[in-house]
Amino acid sequence: MVDTFSSSWRPQLHQRPRWLMSFLTAYRTQLLVLWVVGFVMVFGLQVNSIDGVGLFSMKAAARPIPRLRPVAFNLTDFGGVGDGKTLNTAAFERAVEAISKAGARGGGQLNVPAGRWLTAPFNLTNHMTLFLAEGAVILGIEDENHWPLMPPLPSYGYGREHKGPRYGSLIHGQNLRDIVITGYNGTIDGQGQAWWTKYKKKILTNTRGPLVQLMWSKDVVISNITLRNSPFWTLHPYDCKNVTISGITILAPVFGAPNTDGIDPDSCQDVLIENSYICVGDDAIAIKSGWDQYGIAYGRPSTNIIIRNLIVRSVVSAGISIGSEMSGGVSNVTVENLFVWETRRGVRIKTAPGRGGYVRNIAYRNVIFENVRVGIVIKTDYNEHPDEGFDPKALPIITNISFSSIHGQGVRVPVRIHGSEDIPIKDVSFRDMSVGLTYKKKHIFQCSFVDGHVIGSIFPSPCQNLDLYDEQGNLVKRSVSQNITDIDYDI
Ligand SMILES: *[C@@H]1O[C@H](CO)[C@@H](O)[C@H](O)[C@H]1NC(C)=O
Ligand SMILES: *[C@@H]1O[C@H](CO)[C@@H](O)[C@H](O)[C@H]1NC(C)=O
Ligand SMILES: *[C@@H]1O[C@H](CO)[C@@H](O)[C@H](O)[C@H]1NC(C)=O
Ligand SMILES: *[C@@H]1O[C@H](CO)[C@@H](O)[C@H](O)[C@H]1NC(C)=O
Ligand SMILES: *[C@@H]1O[C@H](CO)[C@@H](O)[C@H](O)[C@H]1NC(C)=O
Ligand SMILES: *[C@@H]1O[C@H](CO)[C@@H](O)[C@H](O)[C@H]1NC(C)=O
Ligand SMILES: *[C@@H]1O[C@H](CO)[C@@H](O)[C@H](O)[C@H]1NC(C)=O
Ligand SMILES: *[C@@H]1O[C@H](CO)[C@@H](O)[C@H](O)[C@H]1NC(C)=O
């Protein structure tokens, strides 16, 4: 599907010498195709579910739930009551206990039927599938006294919002393997409003908990569900290996839902995030690997990450971020077939002196911005530190960052790459870029302490820090200086 999409428009742009005149038309076609792809991917399941349940015949039975493990249970087998009021923590715990005994036989499946299942946080177990039927909603209890406190993450050394312990997540797991959370688009709802309100009133004394957090785990699949209204970050795989996230919807209010990042792969390797829709009150995705001296000491990078076929929106923050906590290093990340709309920052890398670590071998391709304030951002002065113990001489290295097939419209500043004398940004490249602007000023492709090159036609014209090559790879113009500073935060 995606192949058709890229081959249908990419050559088109190359074949047209007067693309400047026609890119808008080409862009519309491409946008349309992407929307069709997006529509099929995001709404396909819904169409299926209409077939299964029959909105047209109200009496039709619920879609039968597939048997994905040798043993399967129904939450009601353990006394669960889906009335939105009864607390189901004990039912979930008993179910997990039963499944933990089935591990040797290939694990167990817990089916959560349609209904509203209020619960306090609970832990998953090995070889477990949590299946959320259509209309199933797991509701997180609002009262924080039901949320366990846990030690800070070792690579943060700090709760993130407050010193000392932090709340655990609604659905949690540590040192697990073979975990599946899936369903017919059932929902896990953190009822975050109460938390956001308390956070804003500064009532909380510990860091808010994520909605789903798996730590030190491997072989994880999260698919075909909806996550909404997380108190804090929504889905947080921490120091995990082999994680697939596919076909999910993540929602939180675009305003007034602080720190509700969609997905935060943190010191993780071998991660695939695809075919999903994310619209939240902070970054849609933020790849991380620990904070300053704690992250450097923990030393676990995020690497081998593919992010593709996503539609994201973040009115107050960014579509896809790397950092700012990246002290364990971030490498080998591919972001492709991404549509970012009504967003403050499209794709962003952020760091600061004190972080240490590196961000390298990062490729963005087939990215479309639609009404984005700043399209591409690299920022090296994001000075937020866990405590005074950070080492200001621990300078991150940022190198080998490539952007190809970057398009869109309604963008105010397409590029702002703000390196510094301490943290120069190395080997940045651009190829095939045409971004429609809302602000006609000269220096909107902003750079400072950047080296790298552009290949072929780039609109708007690139900053002078970069070398210019033609499509055949011949040098056209050598950069004037890599240290030119042309950054303007006032536009
Ligand atoms: C899943 O549910 C969410 C929330 O209701 C909805 O926005 C989304 O379109 C649904 N996804 C699919 C694939 O049906
Ligand atoms: C679970 O049990 C309830 C109550 O007995 C029943 O209505 C529902 O169909 C069952 N669901 C599944 C998925 O087994
Ligand atoms: C889940 O497991 C972790 C680690 O063992 C523990 O600290 C936490 O209290 C458990 N959470 C719940 C709700 O039991
Ligand atoms: C990754 O996890 C999936 C799902 O559990 C599993 O099927 C696959 O074999 C794992 N891959 C590796 C390389 O272990
Ligand atoms: C998600 O749902 C789609 C459409 O129903 C299905 O084809 C796919 O196998 C499901 N994926 C997973 C990983 O459960
Ligand atoms: C980069 O990541 C991809 C996808 O995870 C993986 O297949 C590839 O082997 C990685 N490359 C390196 C050099 O680690
Ligand atoms: C730059 O990163 C790309 C992946 O984005 C990788 O294939 C390539 O080998 C890297 N180049 C260098 C010089 O490391
Ligand atoms: C540019 O800045 C770097 C430090 O980031 C310095 O080493 C180099 O000498 C500077 N070059 C010029 C031409 O000023």
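The values are calculated or read from the model by the stated rules, or taken from the named source; none is laboratory data. What you see is a predicted model; the values in this text were computed from it and never measured. Using ideal geometry, Cβ is built from the backbone for each residue, glycine included, and neighbour counts are taken over all protein chains shown.
Of the residues Gln191, Gln213, only one is at positive phi and not aromatic (Phe, Trp, Tyr); which?
Gln191
Can you name the residue in the stretch 451-491 that is among the aliphatic types (A, V, I, L, M) and touching a residue at least 40 places away in the same chain (Cβ under 8 Å) and is also nearest to Val413 (Cα to Cα) among such residues?
Taking the candidates together, the pick is Ile491.
Among residues belonging to the stretch 166-179 that are outside any strand (DSSP E or B) and in contact with a Gly (Cβ under 7 Å, 6 or more places away or on another chain), point out the one that is surrounded by the fewest Cβ atoms within 10 Å (Cβ to Cβ).
Ranking the qualifying residues of the stretch 166-179, first place goes to Gly168.
Write out, first by first residue and then by second, each pair whose Cβ atoms fall under 8 Å of each other, whose residues are 6+ apart or on separate chains, and whose first residue, in the stretch 69-85, is within 25 Å of His127 (Cα to Cα) and more than 16 Å from ligand 4 (Cβ to nearest atom) while the second is basic (Lys, Arg) and in a helix (DSSP H, G or I).
The qualifying pairs are Val71/Arg105; Phe78/Arg94; Gly79/Arg94.
Any residue at all in the stretch 236-245 that is in the same structural domain as Gly183 (by TED's automatic domain parsing), more than 16 Å from ligand 3 (Cβ to nearest atom), of a type in the set (A, V, I, L, M, F, W, C) and surrounded by 21 or more Cβ atoms within 10 Å (Cβ to Cβ)?
The answer is yes; a qualifying residue exists.
Evaluate the following for Ile406: is it of a type in the set (A, V, I, L, M), more than 16 Å from ligand 2 (Cβ to nearest atom), in contact with a strand residue (DSSP E or B) (Cβ under 6 Å, 6 or more places away or on another chain) and over 16 Å from Met326 (Cβ atoms)?
Details: of a type in the set (A, V, I, L, M): yes; more than 16 Å from ligand 2 (Cβ to nearest atom): yes; in contact with a strand residue (DSSP E or B) (Cβ under 6 Å, 6 or more places away or on another chain): yes; over 16 Å from Met326 (Cβ atoms): yes.
For Ile406, the condition - of a type in the set (A, V, I, L, M), more than 16 Å from ligand 2 (Cβ to nearest atom), in contact with a strand residue (DSSP E or B) (Cβ under 6 Å, 6 or more places away or on another chain) and over 16 Å from Met326 (Cβ atoms) - is met.
Which condition number does Gly436 fail, the rest of (1) at pLDDT 95 or above; (2) out of contact with any helix residue (DSSP H, G or I) (no Cβ under 6 Å at 6 or more places or on another chain); (3) outside any loop (DSSP other than H, G, I, E, B) being met?
(1)
Tell me which residues, restricted to the stretch 244-273, are on the phi > 0 side of the Ramachandran plot and not hydroxyl-bearing (Ser, Thr, Tyr).
Start the filter on the stretch 244-273 by keeping residues that are on the phi > 0 side of the Ramachandran plot, which leaves 247, 256, 259, 267, 270.
Within the stretch 244-273, Gly247, Gly256, Asn259, Asp270 meet the criteria.
If you check every pair at least six apart or on different chains, which have Cβ atoms under 7 Å apart with a residue in the stretch 192-213 that is under 17 Å from Ala120 (Cβ atoms) first and a residue that is of a type in the set (Asp, Glu) and at pLDDT below 95 second?
Note: pairs meeting the criteria are Arg208/Glu161.
Specify which of the listed residues (Lys198, Lys202, Lys163) is surrounded by fewer than 19 Cβ atoms within 10 Å (Cβ to Cβ) and assigned to a helix (DSSP H, G or I).
One residue alone meets the criteria, Lys198.
Kindly establish whether Gly281 is surrounded by 24 or more Cβ atoms within 10 Å (Cβ to Cβ), more than 18 Å from Glu144 (Cβ to Cβ), over 19 Å from the mean Cα position of the chain (by Cα) and more than 16 Å from ligand 8 (Cβ to nearest atom).
When the stated conditions are applied, Gly281 does not pass them.
Scan the stretch 113-163 for residues that are among the charged types (D, E, K, R) and closer than 30 Å to Gly354 by Cβ and jot them down.
If the condition is that a residue be among the charged types (D, E, K, R) and closer than 30 Å to Gly354 by Cβ, then Arg160, Glu161, Lys163 are the ones that fit.
If the Cβ limit is 6 Å and pairs must be 6+ apart or interchain, which residue in the stretch 345-369 that is within 21 Å of Ser289 (Cα to Cα) pairs with which residue that is among the hydroxyl-bearing types (Ser, Thr, Tyr) and not in a strand (DSSP E or B)?
Lys350/Ser324; Lys350/Tyr382; Thr351/Ser324; Thr351/Thr380; Ala352/Tyr382; Arg355/Ser327; Gly356/Ser327; Gly357/Ser327
Just to be sure, is Ser481 in the same structural domain as Gly329 (by TED's automatic domain parsing), within 25 Å of Tyr358 (Cβ to Cβ) and more than 16 Å from ligand 8 (Cβ to nearest atom)? Let's see the steps before the verdict.
Values: in the same structural domain as Gly329 (by TED's automatic domain parsing): yes; within 25 Å of Tyr358 (Cβ to Cβ): yes; more than 16 Å from ligand 8 (Cβ to nearest atom): no.
So Ser481 fails the test.
Within the set of pairs 6 or more residues apart or between chains, which connect a residue that is under 18 Å from Phe131 (Cβ atoms) inside the stretch 90-105 to a residue that is assigned to a helix (DSSP H, G or I) with Cβ atoms less than 7 Å apart?
Pairs that qualify, where the first residue is under 18 Å from Phe131 (Cβ atoms) and the partner is assigned to a helix (DSSP H, G or I), are Ala91/Leu75; Ala91/Phe78; Arg94/Phe78; Ala95/Leu75; Ala95/Phe78.
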